[in-house]
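A single structure is presented below for examination.
The values are calculated or read from the model by the stated rules, or taken from the named source; none is laboratory data. Just so it is clear, the structure is predicted and the values come from calculations on it, not from any experiment. Neighbour counts run over all protein chains shown; Cβ positions are idealised from the backbone, glycine included.
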Amino acid sequence: MILDSKIPPGAMADKWTDYGFNMKLVNPANKRKHKVIVVGTGLAGASAAASLAEKGYNVHAFTFQDSPRRAHSIAAQGGINAAKNYPGDGDSIHRLFYDTVKGGDFRAREANVHRLAEISLKIIDHCVALGVPFAREYGGLLDNRSFGGAQVSRTFYARGQTGQQLLLGAYQSLMRQVGEGQVKLHTRREMLDVVLVDGVARGIIVRDLVTGRLERHEADAVILATGGYGRVFYLSTNAAGCNVTAAWRAHKRGAAFANPCFTQIHPTCVPVAGDHQSKLTLMSESLRNDGRVWVPRTAGDKRPPHDIPEAERFYFLEEKYPSFGNLVPRDVASRNAKQVCDAGLGVGESGLSVYLDFSDAIKRLGEGKIREKYGNLFHMYDKITDENPYQVPMRIYPAVHYTMGGLWVDYNLMSTIPGLHVLGEANFSDHGANRLGASALMQGLADGYFVISQTLGHYLASTSLPKVTTDHAAFAEAEHDAKAHIDRLLAVKGNVPAVEFHRRLGKVLWEHCGMARNEAGLKLALQEIPKIRADFWNNVSVTGAGGDLNIALEEAGRVADFLEFGELMVRDALTRKESCGGHFREESQTPENEALRDDENFCHVAAWEFTGVDSEPILHKEPLAFEEVHLTQRSYK
Amino acid sequence: MNFKLRLWRQKDRTSPGSFQEVEAHGISPDMSFLEMLDEVNNDMIRAGSEPVAFESDCREGICGTCSLVVEGLPHGPDKGTTVCQLFMRRFLDGQTISVEPWRAKAFPILKDLVADRAAFDDIIAAGGFISAKTGSAPDANGLPVPKKDADTAMDAAACIGCGACVAACPNASAMLFVAAKVSHLGHLPQGQPERERRVVRMVSKMDEAGFGNCSNRYECEAACPKEISVEHIARMNRDYGVSSLFGSERVRAEGGAG
Ligand SMILES: Cc1cc2nc3c(=O)[nH]c(=O)nc-3n(C[C@H](O)[C@H](O)[C@H](O)COP(=O)(O)OP(=O)(O)OC[C@H]3O[C@@H](n4cnc5c(N)ncnc54)[C@H](O)[C@@H]3O)c2cc1C
Ligand code: FES
């Protein structure tokens, strides 16, 4: 396997523009003849499908949901970054580029990040043209806020529903193309395999989730925009349907999986209440602007929060990081919350939460002001926990939120399988080892609206693609494999629902491959996961039949893939013996117990090649070079 | 807590359905309604029977996937709340709770509690958009939008497309859904060029899809988990009136904005 990043030559700021000029183009009259498959209709997929269709390609879009508007992107709250510098506070493409490379702890490709920063401007222009109702000032111009610890205000937002509004914009453009017959939309279809003809991606196998029928679809190119795999932890802020299935099956066919252990843990989520819980809910990061994080100083102090005097409270972020205080980046805030809970200082019944206290802010600004700023969030918190955060401090705990790892792609967004392109959270992307707030939406839309619509043409124009039909043996074989997998699930006939294996896997990963990791724990996980997998295949119960709408079968199929994928994550974490971004490797820390990166040995992308379910994958490394932003250790002291 | 559930079971689109009575035991008051159903389903799976099919995704009230009629009310008894955000502490221990799918001619039932809402997508495809090609846009601040208009557009755009409005309406009308989109785009300067065409096409598609007429009962607003106001319907009717009187688009004679 060769990892050729295909980064164009030239100065950093000119690469993308120059490359655009050098790319081969598909003749407008020929575009219609190229059929392109887009799997996933979230921000990345919907924007890609819409813009490719506008250019004239014959697009087929697939989603497992009943409508493209349901994709998980809809849940993003905070906002989207762009280097518009409307507030005039010194932002620029270069600064956004710099912040993103540094925020990612120097584990992303500079050229990609620079392109992202350049495109960020166009995204906002386009979204406004589509009718995205971003927040505005009284003068009618767009409002910006600072987000996730950024020193400039570059985040555009639509109340607390930015993801929803951006997705609806892309969805509406997509539906326009559907109405015009440029896109054929296939909803309620789950992709089960990618089909390779002579080593080139030429189609997919999907299951119609209503009839259970397996379908073959051929194309000149396949685009995966199937989102992140955070649900591998079972509990996360991701939607129930988020999965690794499409990416994993592509990996099994030869697409390298990059940095699978790079996951993001968000510090402010509603804590786990019990075993029944199916998901965790994010409380926007903006709360840390006014809330103070604390725990009691003494372990086992069970007094209600008001009865604990000021001197006996441990404001651990403010004490440890006096200059950033409660606004340290996500990874630092999360890790510190875990540390105090591990030391027995945590609050709540489970001891797995810390206070986020607004009483000082309420005293200072008045309850009305706080209600105006955070009313929705407070209401949501109250609904979930039955506690009133105006009166008692909120309790929060970190939760899995985003996955920086994903299928490896080159500068053109093509995976190691020719013809298979990967966009959005599904690729290993531009965020390195830690994603900054408001940058996932930016990347998804950059990939979909602006990058793939150019690079795909270059691929199609420079590749000779013999005609392929779904009668080809490769399609028959892939369909056969997909059917065998389903039959195998139905045949186990055990008595344990799939979700129980999912929860067990999640616990192992959270414990040993979450915010803090060490060699012993990871090795333990590497023994545990195959055991859970074996148990799954002996005892899972999948009731109902394969030939109709079967939610038990859908869930079991996704869990089966997570059980294989989880092992790769752990292996990647074990191999990366450094702390970086969201990952604290206990063996790699500074004397002050801060994360210590190891640039000498790990300044690379780890891309894994599949060799079989029970055999060790092969590690390939793409070295990362930093020409513009100099490698430095992050410090928030 | 314990409950007696009456769950709607239906094999497929064409088979007749009926209620199945199921006991739910040991339910924590902190469970959401859907988590309670998860538990019930897991018990069924353990026992070797087929779980009740229902849909959900985000489970935080934003994706619009969940769609259950609980005790006769779309999304259940809480105001401004999707059923995924409804918690069991809201119910009485021992209560009997009926659970049904959305019911409307335009939303055929696919199985158990899953209805097909593709008609909503068809309505959007007919005109619920602004035609702007990628890459052609002027600078985002080139066209100021009064904050009041932007805010009203956002109020309307908050629609999650769940279809509770249709399920709640005695005529199974989709007026609130259509009006929300017409009003969202119609309040923005970018939406003006297609304003007339949009409303006419969307309304005509709505009629074609088999949704009923609006008879001003306002059940839709009461059921809407995002509390979208029926004022948008009045606004749309004005737009529709103007478009059909003066518009260049032909309006189908039998159709109407109700
Ligand atoms: C609660 C929350 C808040 C967030 N807030 C922000 C924020 O404020 N700013 C920010 O920048 N980012 C935020 N993020 C991250 C961001 O929302 C996501 O990273 C981004 O939206 C992912 O978009 P996507 O298009 O790659 O994938 P998704 O939106 O997840 O879409 C995936 C698509 O793939 C389809 N799919 C998946 N698997 C299959 C399959 N096997 N077959 C067929 N179809 C399939 C799905 O149907 C869906 O259409 C947030 C994330 C969460 C969880
Ligand atoms: S599951 Fe998303 S709104 Fe209920």
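Does at least one position in the range A:129-140 carry a residue that is more than 12 Å from chain B (Cβ to nearest Cβ) and more than 19 Å from B:Cys63 (Cβ to Cβ)?
Let us first name the residues in the range A:129-140 that are more than 12 Å from chain B (Cβ to nearest Cβ), namely none.
No, the conditions are met nowhere in the range A:129-140.
Something else about it: Just give me the residues in the range A:131-185 being under 25 Å from the mean Cα position of the chain (by Cα), among the charged types (D, E, K, R) and closer than 30 Å to B:Asp122 by Cα, in sequence order.
A:Arg159
Here's something else I'd like to know. Please find, among A:Val295, A:Val347, A:Val340, the residue that is part of a strand (DSSP E or B), over 23 Å from A:Ala76 (Cα atoms) and in contact (Cβ under 8 Å) with a residue 40 or more places away in the chain. Explain how you work it out, then say what you get.
Working: A:Val347 fails: part of a strand (DSSP E or B); A:Val340 fails: part of a strand (DSSP E or B).
One residue alone meets the criteria, A:Val295.
Which of (1) within 16 Å of ligand 1 (Cβ to nearest atom); (2) touching a Cys at 6+ places or on another chain (Cβ under 6 Å) does A:Asp105 not meet, given it meets every other one?
Of the numbered conditions (1) within 16 Å of ligand 1 (Cβ to nearest atom); (2) touching a Cys at 6+ places or on another chain (Cβ under 6 Å), the odd one out for A:Asp105 is (1).
In the list B:Asp12, B:Asp30, which residue meets the criterion of being in the same structural domain as B:Lys105 (by TED's automatic domain parsing), farther than 24 Å from B:Pro225 by Cβ and away from ligand 1 (no atom under 16 Å from the Cβ)?
Values: B:Asp30 fails: farther than 24 Å from B:Pro225 by Cβ.
Of B:Asp12, B:Asp30, the one residue that is in the same structural domain as B:Lys105 (by TED's automatic domain parsing), farther than 24 Å from B:Pro225 by Cβ and away from ligand 1 (no atom under 16 Å from the Cβ) is B:Asp12.
Within 8 Å of chain A (Cβ to nearest Cβ), hydroxyl-bearing (Ser, Thr, Tyr) and buried (at least 21 other Cβ atoms within 10 Å of the Cβ): which single residue out of B:Ser28, B:Ser67, B:Ser49, B:Ser56 fits that description?
Result of the check over B:Ser28, B:Ser67, B:Ser49, B:Ser56: B:Ser56.
Okay, moving on. Which numbered condition in (1) more than 22 Å from A:Pro267 (Cα to Cα); (2) surrounded by fewer than 23 Cβ atoms within 10 Å (Cβ to Cβ); (3) touching a residue at least 24 places away in the same chain (Cβ under 8 Å) is the only one that A:Val152 fails?
(1)
Is it true that B:Asp121 is outside any loop (DSSP other than H, G, I, E, B) and within 16 Å of ligand 1 (Cβ to nearest atom)? Explain how you work it out, then say what you get.
Working: outside any loop (DSSP other than H, G, I, E, B): yes; within 16 Å of ligand 1 (Cβ to nearest atom): yes.
It is true that B:Asp121 is outside any loop (DSSP other than H, G, I, E, B) and within 16 Å of ligand 1 (Cβ to nearest atom).
Then there's this: Considering only residues of the range A:530-572 that are aliphatic (A, V, I, L, M) and touching a Cys at 6+ places or on another chain (Cβ under 8 Å), which is surrounded by the most Cβ atoms within 10 Å (Cβ to Cβ)? Lay out the reasoning, then the answer.
Residues of the range A:530-572 aliphatic (A, V, I, L, M): A:532, A:534, A:540, A:542, A:545, A:549, A:551-553, A:556, A:559-560, A:563, A:568-570.
Now restrict to residues that are touching a Cys at 6+ places or on another chain (Cβ under 8 Å): A:569-570.
Values: A:Met569: 28, A:Val570: 26.
In this case the residue turns out to be A:Met569.
Moving to a separate point now. Can you tell me which residue in the range A:336-390 is surrounded by the fewest Cβ atoms within 10 Å (Cβ to Cβ), limited to those that are at positive phi and out of contact with any helix residue (DSSP H, G or I) (no Cβ under 9 Å at 6 or more places or on another chain)?
Quick first cut of the range A:336-390, residues at positive phi only: A:344, A:348, A:351, A:366, A:386.
Pick out the ones that are also out of contact with any helix residue (DSSP H, G or I) (no Cβ under 9 Å at 6 or more places or on another chain) and you get A:344, A:348, A:366.
Values: A:Gly344: 13, A:Gly348: 17, A:Gly366: 11.
Ranking the qualifying residues of the range A:336-390, first place goes to A:Gly366.
Right, something else. Return the pairs, sorted by first residue and then second, in which the second residue is buried (at least 24 other Cβ atoms within 10 Å of the Cβ) and in a loop (DSSP other than H, G, I, E, B), the first residue lies in the range B:170-197 and is facing chain A (nearest Cβ under 10 Å), the beta carbons are less than 6 Å apart, and the residues are 6+ apart or on different chains.
Note: pairs meeting the criteria are B:Lys181/B:Gly128; B:Leu185/A:Gly131; B:Leu188/A:Gly131; B:Gln190/A:Gly131; B:Gly191/A:Gly131.
Here's a follow-up. Please enumerate the residues belonging to the range A:375-396 that are away from every other protein chain (no Cβ under 14 Å) and within 15 Å of ligand 1 (Cβ to nearest atom). Spell out the reasoning first.
Keep residues of the range A:375-396 that are away from every other protein chain (no Cβ under 14 Å), which gives A:378, A:388-394, A:396.
Within the range A:375-396, just A:Ile396 meets the criteria.
Filter the range B:68-94 for residues that are away from ligand 2 (no atom under 16 Å from the Cβ) and not in a loop (DSSP other than H, G, I, E, B) and give the result.
Of the range B:68-94, the ones away from ligand 2 (no atom under 16 Å from the Cβ) are B:71-72, B:89, B:91-94.
Of everything in the range B:68-94, just one residue is away from ligand 2 (no atom under 16 Å from the Cβ) and not in a loop (DSSP other than H, G, I, E, B), namely B:Arg89.
Go through the range B:130-163 residue by residue and tally those that are farther than 28 Å from B:Glu219 by Cβ and assigned to a loop (DSSP other than H, G, I, E, B). Step through it out loud before you land on a result.
As a first pass, look at the range B:130-163 and keep what is farther than 28 Å from B:Glu219 by Cβ: B:130-150.
Pick out the ones that are also assigned to a loop (DSSP other than H, G, I, E, B) and you get B:130-146.
Of the residues in the range B:130-163, 17 are farther than 28 Å from B:Glu219 by Cβ and assigned to a loop (DSSP other than H, G, I, E, B).
Next question, about the same structure. One residue is enough: does the range A:44-61 have a residue meeting the conditions more than 16 Å from ligand 1 (Cβ to nearest atom), acidic (Asp, Glu), surrounded by fewer than 22 Cβ atoms within 10 Å (Cβ to Cβ) and modelled with pLDDT of 95 or more?
No, the conditions are met nowhere in the range A:44-61.
Something else about it: Listed residues B:Gly161, B:Gly210; which is at pLDDT 95 or above and facing another protein chain (nearest Cβ under 9 Å)? Steps first, please.
Details: B:Gly210 fails: facing another protein chain (nearest Cβ under 9 Å).
Criteria check complete, one pass: B:Gly161.
A further question on this structure: Assess whether A:Phe64 counts as being assigned to a loop (DSSP other than H, G, I, E, B), under 28 Å from the mean Cα position of the chain (by Cα) and either within 13 Å of chain B (Cβ to nearest Cβ) or over 20 Å from B:Asp121 (Cα atoms) (or both). Walk me through how you get there before you give the answer.
On the way: assigned to a loop (DSSP other than H, G, I, E, B): yes; under 28 Å from the mean Cα position of the chain (by Cα): yes; either within 13 Å of chain B (Cβ to nearest Cβ) or over 20 Å from B:Asp121 (Cα atoms) (or both): yes.
Criteria met by A:Phe64.
If I ask for residues that are within 16 Å of ligand 2 (Cβ to nearest atom) and either part of a loop (DSSP other than H, G, I, E, B) or touching a Ser or Thr at 6+ places or on another chain (Cβ under 7 Å) (or both), which ones from the range B:38-51 would you list? Full working, then the answer.
Of the range B:38-51, the ones within 16 Å of ligand 2 (Cβ to nearest atom) are B:38, B:41.
Selection gives B:Asp38 alone.
Report, by residue number, each residue of the range A:32-44 that is more than 14 Å from chain B (Cβ to nearest Cβ) and not charged (D, E, K, R).
Pass one, the range A:32-44, residues more than 14 Å from chain B (Cβ to nearest Cβ): A:32-39.
Across the range A:32-44, the qualifying residues are A:His34, A:Val36, A:Ile37, A:Val38, A:Val39.
What's the number of the only condition in (1) in a helix (DSSP H, G or I); (2) crowded, with 16+ Cβ neighbours inside 10 Å that A:Ala399 fails to meet?
The failed condition is (1).
Just name the residue that is nearest to the other protein chains (Cβ to nearest Cβ) out of those in the range A:153-183 that are touching a helix residue (DSSP H, G or I) at 6+ places or on another chain (Cβ under 7 Å), over 20 Å from A:Ile74 (Cα atoms) and part of a loop (DSSP other than H, G, I, E, B).
Ranking the qualifying residues of the range A:153-183, first place goes to A:Gln182.
How about the range B:105-155: which of its residues are of a type in the set (Val, Ile, Thr) and more than 7 Å from chain A (Cβ to nearest Cβ)? Spell out how you get there, then give the answer.
The initial filter retains those residues of the range B:105-155 that are of a type in the set (Val, Ile, Thr), namely B:109, B:114, B:123-124, B:130, B:134, B:145, B:152.
Result: B:Ile109, B:Ile123, B:Thr152.
Return a yes/no flag: does the range A:597-617 have any residue that is of a type in the set (Val, Ile, Thr), assigned to a strand (DSSP E or B), surrounded by 13 or more Cβ atoms within 10 Å (Cβ to Cβ) and touching a Lys or Arg at 6+ places or on another chain (Cβ under 8 Å). I'd like the intermediate steps shown before the answer.
Quick first cut of the range A:597-617, residues of a type in the set (Val, Ile, Thr) only: A:605, A:611, A:613.
In the following step, the residues that additionally are assigned to a strand (DSSP E or B) were identified as A:605.
Narrowing further to those that are surrounded by 13 or more Cβ atoms within 10 Å (Cβ to Cβ): A:605.
Cutting the leftovers down to touching a Lys or Arg at 6+ places or on another chain (Cβ under 8 Å) gives us A:605.
There is at least one residue in the range A:597-617 that is of a type in the set (Val, Ile, Thr), assigned to a strand (DSSP E or B), surrounded by 13 or more Cβ atoms within 10 Å (Cβ to Cβ) and touching a Lys or Arg at 6+ places or on another chain (Cβ under 8 Å).
Residues of the range A:415-435 being modelled with pLDDT under 95 and hydroxyl-bearing (Ser, Thr, Tyr), which ones?
A:Ser429
Residues checked against (1) assigned to a loop (DSSP other than H, G, I, E, B); (2) within 30 Å of A:Arg213 (Cβ to Cβ):
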position: A:Lys507; (1), (2): no, no
position: A:Gly521; (1), (2): no, no
position: A:Ala525; (1), (2): no, no
position: A:Glu528; (1), (2): no, no
position: A:Asn538; (1), (2): no, yes
position: A:Thr543; (1), (2): yes, yes
position: A:Glu555; (1), (2): no, yes
position: A:Glu567; (1), (2): no, no
